[in-house]
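The values are calculated or read from the model by the stated rules, or taken from the named source; none is laboratory data. Only a predicted model underlies this, so the values are computations on that prediction, with no experimental measurement involved. All Cβ positions, even for glycine, are placed from backbone atoms using ideal geometry, and neighbour counts span all protein chains on display. We work out accessible area using only protein heavy atoms, side chains counted, and drop any ligands, DNA or RNA first. Shrake-Rupley method; radii C 1.70, N 1.55, O 1.52, S 1.80 Å.
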Amino acid sequence: MPQQTRIRIVFWLFLWGAMMSLHGQSPDAFSLSAEYTDVPLKDVLQSLETERGLRFSFQDADLEGIRVSCSFRAADWNWVEQRLLGAYGLQGRWLREGYVTVRRLAEGADREWRIPLHIVDPEGKGLSFAQIGLLGSRAGGVADEEGSMSLRLFSSVRDTLLVSNLGFEQQRLSLRDLLLSPDQVIRLTPLAVELGTIEIREYLTDGILASPDGRRLTLTPNASANVPGFVDQEVYRLAGLLPGITNQGETAGNLSIRGGSRDQNLILWDGIPVYSPGHYFGMISNFSPELIDKMQILRGQADAAFGGRVSGLINMETDREVVDHLQGGAGLSLLGVDGHLKVPLVAGSSDLHLAGRSSVDLLLTGPTYSSYRDGVLQSANLHEIFGGEETESFNFRELNGRLHWDIGRETDLTLSGFTQYDQFTYASTGTRQFTDALETDNHGLGLNLRQSVGKGESILLQAAFTRFENQGGNQYSARNTEISESRLSGIEEYSLRAEYERITPENGRFKVGLQGQQFAHTLELTGINTLVSDRERRAVNEGEAQAMAAFGSWAWNRPSSPLSVEVGLRAQYYAPTDELFFEPRLDGSYRVGKSWWLKAGFGETHQFPVELIDFNPESVGNSAALWVLADGEKFPVANGREVSLGFTGQPGSWFFDVELYYKRINGLSSTSLDIDQLDNVFVEITSRNQGLNALLKKRIGPWRSWVIYTLSKSEWEFPGRRRPPVPADNDRRHELQLMNSFSVGPWTASLGWRWHTGARFTRVLRVREEVVDDRVRARLDYGRLNAITLPAFHRLDFSLFYNWQPPDNSFRGQLGISFLNVYDQSNILHRQFFLSRRDPDRLNPSRFSLDIIDTMGLGFTPNIKLSISWR
């Protein structure tokens, strides 16, 4: 064979071997170094075919008009595919021997991303533990000490990322912009405006933000970890995770903030006051989390723009982002069904968001409702006492919505509303008959107009209406004995508000405004107990009231200064008493070193609509809340003053928040149906609350673990009466929470253990018999009010969620399972007494019997939920 021929054979064998090597290469062995500047994507793929031996299969129409500008240095296949294809809504799938199929994904479809990035300050220095995540989602990650990370997400290329770090402005950018950036370096700008906008990305877990001093908290329900023991993201229970906030009696809506009661919290939904505690006697949160963009929570010293309550603030705001395509979802759990829709109306400027929730009759016999019912109805005790056939009916429903319109670049208008309804009846029939019923209506409507009038300047005009009404009662009858109670209470409020705000880097934030309110209320309370008297006890009260307020505040903070301060004053006029109340507010912090803050605050507030405290240990059943308006005579204007002092620190992955507080509230109103109080059924109370809240949190990789301890003392005093202070109903001397959350891939889990001192109750010392109106009557002698403590409460809760998406990315699914009270601990939440007539005998000559009615906590309570959504 001629040498030239041998050379040709060797050459072709070498070339064939090289080509086979390329065709047989795996994506793991692929590496590319190249630079493209405004090159058609089709040409780029053809060059990879020629130079790298790959074979691409695609539709020409999918690549039409796409031009590529990016560079690679020893990039693997995953990174090349994401930047060349993924950034443009395409997906490349490596099959075998170098064959790659390219297809266009559906609009908004999700896919997996793995993006290396670096988060730095303006000088290029890495920002330790900076955080990045999907806007409105739990997905995201935390940078290492050098500011670097590999971000893993399952989302659409159109999704928005939120990047944040302590002391820097938050930055939003699309996933596509990050992929197409030259170096995947995100540069954050130091924040130089005001304290309230400096946020720690993670206070307890994802979706819970805080100012550096930990005073101002912002919760994003859709991005927050679920509360242990629950499959629904209940907004009120989420608030109960925070230091200083407690869900009293295992309810969702009966929130106590630093020893205060439920009615002392100002709860707003897009500026509409909310009086309802939730569904099923407050056991289930109202308001669908899918519509809530954020919840601002203040545990004291609220902004001067807010008034009318003496404890805390929970301000819920709906999402203002206008969707450009139909989005929605639905869910079914053992507690009910829910759904939401987000509908575009005018492209880019207007949309409608709707959400609804409802109970389902078929679920009332399930294990979750059975556990809730046992606690709400004290059913074991009632069945033992009455022994009759039991029937129950219950349903709730709610519809929430908001209509948003961006009127030009500087003006936006939002119309919000909600309607919520609850109905409950219970009956035990037999020789002894007992009935219990409650019906609740809760409606609200609000209008918000915001206008930008200059750089950093805006005007807010707000109008709101709300009405809350509940009526109910219970009745017991047996052998010439009747014990009954009937309650009707309604309150409505109209509000107008105007606010001007100006923010500048040099002078901070300045805000002034006016607010006018019109109130009306109705109260009717009747009761009879023939064991004590044949006379019916009755209290009726109704009226109207007007209130006007002017307020102003100034907040100042600069990164160059360790001092942050906010001062405010609210001047509040209340027409029924013809008084002008001045409410100073002061809030400040001082940075010590890089990671520690000292903080202090003082505030004074007044409250006009109040819920009466009920002293009636003989009451059995579920009573309707009684709302009244202060009149300066029978119902005084409540006045609260609070002072606090503490420190916050964030050294590395640790977080500390410790705060001492003292709060005194004068002029609380209460009611007692004691027969001795017929001419004075309403009693004035002074409340004193003092305590310490301590939080310790540690984050290790995907784990978040935190411990919250609260030491508190809540007492009541009775002005004008010679009696020492007594423990308040909500006095819990010690409380401990141990919480853990974990997230990896499609799995998320949360585990929590709670322990606190038992609830207070008043002991009945004896039952005396007296002859009144020629009949033997009963008289109860009580011990000191709330002097006895029930056994300590403790409970372990667990939740687990799995998220998935089908190959065609047509929807997202989530399956959740939860277990409340994993080890089935018997907890007594509340103790009452039931007095009834009996036949005397030689062993017990008394004509009356006294039974203990204990409200038990939830036993082992499973729940499961399937949710489907698309966007």
Original post:
Are there any pairs with C-beta distances below 8 angstrom linking a residue in segment 461-475 that is without any contact (Cβ under 8 Å) to a residue 24 or more places away in the chain to a residue that is open to solvent by 20 Å² or more (accessible area, probe 1.4 Å), with the two at least 6 apart or on different chains, and if so which?
Top reply: none
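So that you can scan it fast, the table gives a plain yes or no per residue for (1) within 15 Å of Glu398 (Cβ to Cβ); (2) assigned to a helix (DSSP H, G or I); (3) more than 11 Å from the chain's Cα centre (by Cα):
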{"site": "Gly229", "(1), (2), (3)": "no, no, yes"}
{"site": "Leu238", "(1), (2), (3)": "no, yes, no"}
{"site": "Gly260", "(1), (2), (3)": "no, no, yes"}
{"site": "Pro277", "(1), (2), (3)": "yes, no, yes"}
{"site": "Gly282", "(1), (2), (3)": "yes, no, yes"}
{"site": "Glu290", "(1), (2), (3)": "yes, yes, yes"}
{"site": "Ile297", "(1), (2), (3)": "no, no, no"}
{"site": "Gly300", "(1), (2), (3)": "no, no, yes"}
{"site": "Val322", "(1), (2), (3)": "no, no, yes"}
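In segment 399-437, which residues are among the acidic types (Asp, Glu), more than 30 Å from Ser458 (Cα to Cα) and open to solvent by 10 Å² or more (accessible area, probe 1.4 Å)?
Initial filter on segment 399-437 (among the acidic types (Asp, Glu)): 406, 410, 412, 422, 436.
Add one more test, that the residue is more than 30 Å from Ser458 (Cα to Cα), and what stays is 422, 436.
Selection gives Asp422 alone.
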**OP:** Name every residue in segment 821-871 that is outside any strand (DSSP E or B) and either without any contact (Cβ under 8 Å) to a residue 24 or more places away in the chain or among the β-branched types (Val, Ile, Thr) (or both), in order of residue number.
**Re:** Val822, Arg838, Asp839, Pro840, Asp841, Arg842, Leu843, Asn844, Pro845
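Results for (1) more than 25 Å from Asp657 (Cα to Cα); (2) at pLDDT 85 or above; (3) touching a helix residue (DSSP H, G or I) at 6+ places or on another chain (Cβ under 9 Å), shown as yes or no for each residue.
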{"position": "Arg258", "(1), (2), (3)": "no, yes, no"}
{"position": "Arg262", "(1), (2), (3)": "no, yes, yes"}
{"position": "Leu266", "(1), (2), (3)": "no, yes, no"}
{"position": "Asp270", "(1), (2), (3)": "yes, yes, no"}
{"position": "Phe281", "(1), (2), (3)": "yes, no, yes"}
**OP:** Collect the residues in segment 460-490 that are at pLDDT below 95, within 21 Å of Leu268 (Cβ to Cβ) and β-branched (Val, Ile, Thr), keeping them in residue-number order.
**Re:** none
**OP:** Go through (1) in contact with a Ser or Thr (Cβ under 8 Å, 6 or more places away or on another chain); (2) modelled with pLDDT under 85; (3) open to solvent by 20 Å² or more (accessible area, probe 1.4 Å); (4) farther than 20 Å from Ser644 by Cβ one by one and return the number of the condition Thr197 breaks.
**Re:** (1)
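Just to be sure before I move on: is Pro719 under 30 Å from Val683 (Cα atoms), at pLDDT 90 or above and assigned to a loop (DSSP other than H, G, I, E, B) in the structure I sent? Don't jump to the end; show me each part of the working.
Details: under 30 Å from Val683 (Cα atoms): yes; at pLDDT 90 or above: no; assigned to a loop (DSSP other than H, G, I, E, B): yes.
In short, no.
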Original post:
Of the residues Phe281, Phe306, which is aromatic (Phe, Trp, Tyr), open to solvent by 10 Å² or more (accessible area, probe 1.4 Å) and touching a residue at least 60 places away in the same chain (Cβ under 8 Å)?
Top reply: Phe281
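Suppose the filter is assigned to a strand (DSSP E or B), within 30 Å of Gly456 (Cβ to Cβ) and either polar (S, T, N, Q) or touching a Leu at 6+ places or on another chain (Cβ under 8 Å) (or both); does Leu341 pass it? If you could, list the steps in order and put the result at the bottom.
Numbers: assigned to a strand (DSSP E or B): yes; within 30 Å of Gly456 (Cβ to Cβ): no; either polar (S, T, N, Q) or touching a Leu at 6+ places or on another chain (Cβ under 8 Å) (or both): yes.
Considered against the rule, which asks whether it is assigned to a strand (DSSP E or B), within 30 Å of Gly456 (Cβ to Cβ) and either polar (S, T, N, Q) or touching a Leu at 6+ places or on another chain (Cβ under 8 Å) (or both), Leu341 comes out as no.
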Original post:
within 30 Å of Ser867 (Cβ to Cβ) and surrounded by 18 or more Cβ atoms within 10 Å (Cβ to Cβ) - does that describe any residue in segment 770-788?
Top reply: no
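Please specify each residue of segment 57-73 satisfying the condition of being outside any helix (DSSP H, G or I) and either closer than 14 Å to Arg111 by Cβ or open to solvent by less than 70 Å² (accessible area, probe 1.4 Å) (or both). So that I can check it myself, show each step before the final result.
Start the filter on segment 57-73 by keeping residues that are outside any helix (DSSP H, G or I), which leaves 57-59, 64-73.
Ser57, Phe58, Ile66, Val68, Ser69, Cys70, Ser71, Phe72 - these are the residues of segment 57-73 that are outside any helix (DSSP H, G or I) and either closer than 14 Å to Arg111 by Cβ or open to solvent by less than 70 Å² (accessible area, probe 1.4 Å) (or both).
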Subject >> Residues that are out of contact with any Lys or Arg (no Cβ under 9 Å at 6 or more places or on another chain) and open to solvent by less than 80 Å² (accessible area, probe 1.4 Å), drawn from segment 574-594 >> reply: Tyr574, Ala575, Pro576, Thr577, Arg591, Val592, Gly593
Subject >> Any chance Glu250 is open to solvent by 10 Å² or more (accessible area, probe 1.4 Å), modelled with pLDDT of 80 or more and acidic (Asp, Glu) >> reply: yes
Subject >> Subset of segment 695-715 that is surrounded by fewer than 22 Cβ atoms within 10 Å (Cβ to Cβ) and aromatic (Phe, Trp, Tyr) - its residue that is nearest to Val744 (Cα to Cα) >> reply: Trp703
Original post:
Looking at (1) in contact (Cβ under 8 Å) with a residue 60 or more places away in the chain; (2) of a type in the set (A, V, I, L, M, F, W, C); (3) surrounded by 20 or more Cβ atoms within 10 Å (Cβ to Cβ), which is the only condition Leu313 fails?
Top reply: (1)
Original post:
Restricting to segment 332-344, what's the tally of residues that are in contact (Cβ under 8 Å) with a residue 60 or more places away in the chain and open to solvent by 60 Å² or more (accessible area, probe 1.4 Å)?
Top reply: 1
Original post:
Which one is farthest from Ser452 (Cα to Cα), of the residues in segment 507-553 that are open to solvent by 60 Å² or more (accessible area, probe 1.4 Å) and over 34 Å from the mean Cα position of the chain (by Cα)?
Top reply: Asp534
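Identify, from the list Gly260, Gly271, the residue that is touching a residue at least 60 places away in the same chain (Cβ under 8 Å), over 27 Å from Gly348 (Cβ atoms) and small (Gly, Ala, Ser). If you could, list the steps in order and put the result at the bottom.
On the way: Gly271 fails: over 27 Å from Gly348 (Cβ atoms).
Just one listed residue meets the conditions, Gly260.
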Original post:
Do you know which residues across segment 758-769 are in a loop (DSSP other than H, G, I, E, B) and surrounded by fewer than 17 Cβ atoms within 10 Å (Cβ to Cβ)?
Top reply: Arg763
